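Below is one structure, written out as structure tokens, with a few remarks after it.
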Amino acid sequence: MAAKNLIRRITSCLFSASSIPHKANLASINRPSSTACYVGIQENTNRLIVNWKDNLIDEYPLVWLRDNCQCPACFDQSSQSRTINFSHFQVNQKFKHLAITKDIVEVQWEDGHQSSYNLQWLKQRSFLPKEQQGWLDANKAPYNTWNANYFKSIPVLDFKAVLQDDETLLDWLHTLDVWGVCIFKNVPHSLGQVANLAKRVGFIKKTHYGEEFSVQAKANATNVAYTQGYLQLHTDLPYYEYKPGINLLHCYIQYKGMGGDSLLTDGFKIAEWLRENDPGAYKCLVETRVTWSDVGQENGNRFHKVHHAPVICESSDGTIRRINYSQPQRDSHMAVPIDQVENWYRALKKFYDLALDPQYLVTFKLQPGEMVTFDNLRVLHGRTAFGENLKGERHVQGAYVDWDEARSKIRVLKANKSNQKYL
Ligand SMILES: [Fe+2]
Ligand SMILES: [Zn+2]
């Protein structure tokens with residue numbers, strides 16, 4: 001649709017609004033480039049039209065405007081929440097008067113209610129697909145996948161800095177969002193450091209293994225991680241629907257002999273490889289829901305967690321968003337059509353063999369004073385065997401933080417940095 005025609009129609013709608021004539025010189029309002037030249041109602045679509053000075057045209061459905069009225073009766077400033085009672089809400093909204101004063105658009109509705117909208121606020125809520133995508137992208141950093149070679153340049157940050165400095169905190173969370181892994185140096189030699197870091201974000205995600213958990217060899221271990229054996233690559237807690245998002249592992253005491261090395265693979269990289277090179281295996285791992293479970297007892301609390309989910313989970317737009325993989329915690333119940341079972345095992349074997357391929361797998365030995373942090377929805381981790389018969393001390397303390405808390409913190413830190421007025 002030609003912008004010229006649209007403007008003409010808007011203008012004529014604007015002039016036909018009963019209360020508008022004395023404000024009819026809207027078209028001549030001249031403001032900085034982010035502000036509007038023309039504002040009007042397009043009656044055939046029931047939309048407010050804003051023609052910005054930079055020639056972009058935004059349209060806002062009247063139903064959305066009424067729902068997002070910012071007056072104290074409809075929006076509570078202290079909780080920053082919509083309070084309009086939806087049981088009384090009319091979907092077919094009609095306006096009576098439209099006016100613009102300074103940078104405020106005022107709408108009087110047919111039922112007499114009065115709303116006003118700041119132009120800048122409206123601009124930030126554009127319905128133009130490109131603007132919407134920009135807003136979505138700003139809320140989620142696109143990830144970069146990595147292979148073993150990249151790991152040589154893995155981001156390493158100073159632990160003391162992250163505890164004190166918001167810039168380093170943002171760096172860390174951004175690194176995790178983009179690369180899925182980040183290592184800290186200079187972690188004090190005392191327990192409780194994972195909690196200190198979690199508190200910088202928000203709070204620990206508690207699971208049935210507790211808040212802070214100790215990865216140490218124990219007699220009668222409740223989890224295979226609490227042994228000295230080889231720990232196969234896995235993601236933690238795939239049997240949780242709300243799987244903890246970020247894994248913090250502080251090396252408190254490292255085994256002094258051979259072994260106890262950490263293993264990491266970028267699960268998104270493996271999934272991407274399959275999507276490109278073996279689409280049949282990829283599709284099978286995306287479409288086949290298997291069952292993850294954990295049964296046992298920890299600190300006197302009996303648990304039996306069950307979650308059904310594929311190994312590779314996609315968002316509705318096809319973005320890879322979560323990897324579930326844990327050999328010990330995949331249930332023997334397999335509610336999959338029998339003729340798909342072998343195909344699924346073939347695909348899974350391919351996935352796991354790739355994860356172990358030296359091209360993608362990194363092996364390193366954490367030292368006391370180091371902490372590895374990684375995205376538990378994405379990165380597979382494991383450990384080589386160490387010692388035997390419970391001899392040979394190794395103690396790693398862990399905790400989880402949810403991505404909801406981390407992404408919230410990223411937004412808050414970014415807003416602080418730019419003195420953002422409108423969220
Ligand atoms: Fe683990
Ligand atoms: Zn209102």
| query | Quick one: length gained pulling Asp404 to Gln164 fully straight, 0.36 nm per residue minus the C-alpha distance? | reply | 84.2 nm
| note | If R0 = 56 Å, then Phe127 and His304, at their Cβ-Cβ distance, give a FRET efficiency to the nearest 0.05 of 0.75
| Residues of type lysines that Lys218 reaches as a straight line, Cα spacing below 24 Å, ignoring anything fewer than 8 places off in the same chain | Lys205, Lys206, Lys256, Lys305, Lys365, Lys391
| said: How much of the pair distance distribution for the stretch 292-404 lies past 19 Å, counting alpha-carbon pairs only, in percent? | reply: 64
| Mind checking Rg over Rh on the chain, alpha carbons, Kirkwood formula for Rh? | 1.10
| request: Grab the beta carbon distance between Gln367 and Gln90, set R0 = 41 Å, and tell me the FRET efficiency rounded to 0.05. | output: 0.05
| field | Extended-chain gain in nm, criterion 0.36 nm per residue less alpha-carbon gap, Arg346 and Asp317 | value | 7.8 nm
| request: Using the Kirkwood radius over Cα pairs, work out the Stokes-Einstein diffusion coefficient for the stretch 236-351 at 10 °C and 1.306 mPa s, in µm²/s as a whole number. | output: 99
| MRE, 222 nm, helices only [DSSP H, n ≥ 4, -39500 (n - 2.57), over the chain, to nearest 500] | -8000 deg cm²/dmol
| Where labels lie 7 Å past Cα in the beta-carbon direction, separation of Lys102 and Arg200 in nm | 4.1
| remark: Stokes-Einstein D for the stretch 93-226 (4 °C, 1.567 mPa s, Kirkwood Rh from Cα pairs), in µm²/s, comes to 64
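Read the figures in this text as sums done on the coordinates, not as results from a lab. These numbers were taken from a predicted model, which means no experiment stands behind them. Backbone-built Cβ (ideal geometry, glycine too); neighbour counts: all protein chains shown.
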